[in-house]
Amino acid sequence: MGRIMTVTQTLLSVQNVTKAFPLPHGLIQRLRQVPPQAVHALNGVSLDVMRGETLGIVGESGCGKSTLARCLVRLHECDTGRVVFGDTDIASLNGPARRAFNAKVQMIFQDPYSSLNPRMKVRQILTEALSVHQMRPSAEIPARIAELLDLVRLPQDAAEKYPHEFSGGQRQRIGIARALSVEPEVLVADELVSALDVSVQAQVVNLLLQLQEQLHLTVVFVAHDLRLVRHISHRVAVMYLGKVVEIGPTEALFSAPRHPYTQALLAAAPELDPTRRTRRVAAKGELPSPVNLPQGCLFNTRCPQAFERCFKERPVLSAEGAHLSACHLPG
């Protein structure tokens, strides 16, 4: 079941953000005057993240979830639009202000195998984060490392080991400890548990829930596992081809999805009950190329209910209520 909360204050606001990645444009293409092409990863994404909530972001592979996560922490710069933290456009931050933002909004990466330096012991990894951001005087750093290991349920002797000496789940806990070392307000978790065994996933997700409550964190949880998102999130945003097509409170979105894509995605989600399993695919046809986007609604090439307006006009998220969808269909 989804989690319910009353939220009031917007902490992080994404406003009509676009991001494209140019494709290689070789000499022969230039001589033939072939126009340069780009992968359109984000196509006008708008959403708000409320203080203290977990916002789940779901969608098929290639829908722009990870690109959005990287724009939130400014690992990618937006092409147009802006990301606002508090009341500051993060693109305007430089020097100490940029470093302060980096500490406030931390990312935990999908792959715990490649996001930790294999040549550094855990103590060195955590000391580096604490020192760079000047979180503690040198004399207090060992005690803070002990606290962080306790927080993520790792034994104290873990500090003297290298990343390769840990399992995947333990490595992800080290990644969480490193993120928490700078005392962030927001954690952006990009496919946090997709690289882990199913048996370990629940432990890491439940740890994240406990830490959120204990430390009053705001979490942006990017995932493709719908059941996991339903368990952890207060609200869910559904992305398709670089655009948010539906956003709303978790239970409302799962029990009464409004957008045809969300309906297809939920219909194709695996059921635990063998008698209720379905062979339906998420949506008919292939995901269109993000290089050549469809005219009108981005979902019109796969939508069973598409009509004339869908091929001419791109729908926008409805402006009323907590449960919004971008669809021309009435209701």
Study note, to complete from the structure: When every residue in the range 85-128 that is among the hydroxyl-bearing types (Ser, Thr, Tyr) and within 25 Å of Ser66 (Cβ to Cβ) is compared, the one nearest to the chain's Cα centre (by Cα) is Ser115
Review point. Checking Ala158 against (1) over 19 Å from the mean Cα position of the chain (by Cα); (2) closer than 23 Å to Met50 by Cβ, which single condition isn't satisfied?
Key: (2)
Exercise for review: Take the residues in the range 232-247 that are small (Gly, Ala, Ser) and within 25 Å of Gln201 (Cα to Cα), then tell me which one is surrounded by the fewest Cβ atoms within 10 Å (Cβ to Cβ).
Suggested key: Ser233
Review point. If we keep just the residues of the range 128-164 that are in contact (Cβ under 8 Å) with a residue 12 or more places away in the chain and outside any helix (DSSP H, G or I), which is surrounded by the fewest Cβ atoms within 10 Å (Cβ to Cβ)?
Key: Arg153
Review point. Mind checking which residues of the range 105-127 are at pLDDT below 90 and surrounded by 13 or more Cβ atoms within 10 Å (Cβ to Cβ)?
Key: Phe109, Gln110, Asp111, Pro112, Tyr113, Ser115, Leu116
Practice item. Return a yes/no flag: does the range 229-243 have any residue that is modelled with pLDDT under 90, out of contact with any helix residue (DSSP H, G or I) (no Cβ under 7 Å at 6 or more places or on another chain) and outside any helix (DSSP H, G or I). Key: no
Point to revise | Some residue of the range 165-176 being touching a residue at least 12 places away in the same chain (Cβ under 8 Å) and either acidic (Asp, Glu) or assigned to a loop (DSSP other than H, G, I, E, B) (or both) | key: yes
Review point. Right, Ser194: surrounded by fewer than 19 Cβ atoms within 10 Å (Cβ to Cβ) and assigned to a loop (DSSP other than H, G, I, E, B) or not?
Key: yes
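One line per residue, one yes/no per condition, for (1) modelled with pLDDT of 90 or more; (2) among the acidic types (Asp, Glu); (3) closer than 25 Å to Gly56 by Cα; (4) under 23 Å from the mean Cα position of the chain (by Cα):
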position: Pro260; (1), (2), (3), (4): yes, no, yes, yes
position: Glu271; (1), (2), (3), (4): no, yes, yes, no
position: Thr275; (1), (2), (3), (4): no, no, no, no
position: Ala283; (1), (2), (3), (4): no, no, yes, yes
position: Lys312; (1), (2), (3), (4): yes, no, no, no
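Kindly provide the set of residues from the range 1-28 that are of a type in the set (A, V, I, L, M) and at pLDDT 90 or above, ordered by number.
Within the range 1-28, Leu11, Leu12, Val14, Val17, Ala20 meet the criteria.
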Check your understanding: Quick check, is Ala177 buried (at least 18 other Cβ atoms within 10 Å of the Cβ), at pLDDT below 90 and under 23 Å from His216 (Cα atoms)?
Key -> no
Study note, to complete from the structure: Listed by first then second residue, the pairs whose first member lies in the range 309-331 and is free of Cβ contacts under 8 Å to residues at least 40 places away in the same chain and on the phi > 0 side of the Ramachandran plot, whose partner is in a loop (DSSP other than H, G, I, E, B) and hydrophobic (A, V, I, L, M, F, W, C), with beta carbons under 9 Å and at least 6 positions apart or on separate chains, are none
Review point. Within the range 152-176, which residues are within 17 Å of Val200 (Cα to Cα) and among the hydrophobic types (A, V, I, L, M, F, W, C)?
Key: Val152, Leu154, Phe166, Ile174, Ile176
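The values are calculated or read from the model by the stated rules, or taken from the named source; none is laboratory data. All values reported here derive from a predicted model rather than from experimental measurement. Positions of Cβ are generated from backbone atoms using ideal geometry, with glycine treated the same way; all protein chains shown enter the neighbour counts.
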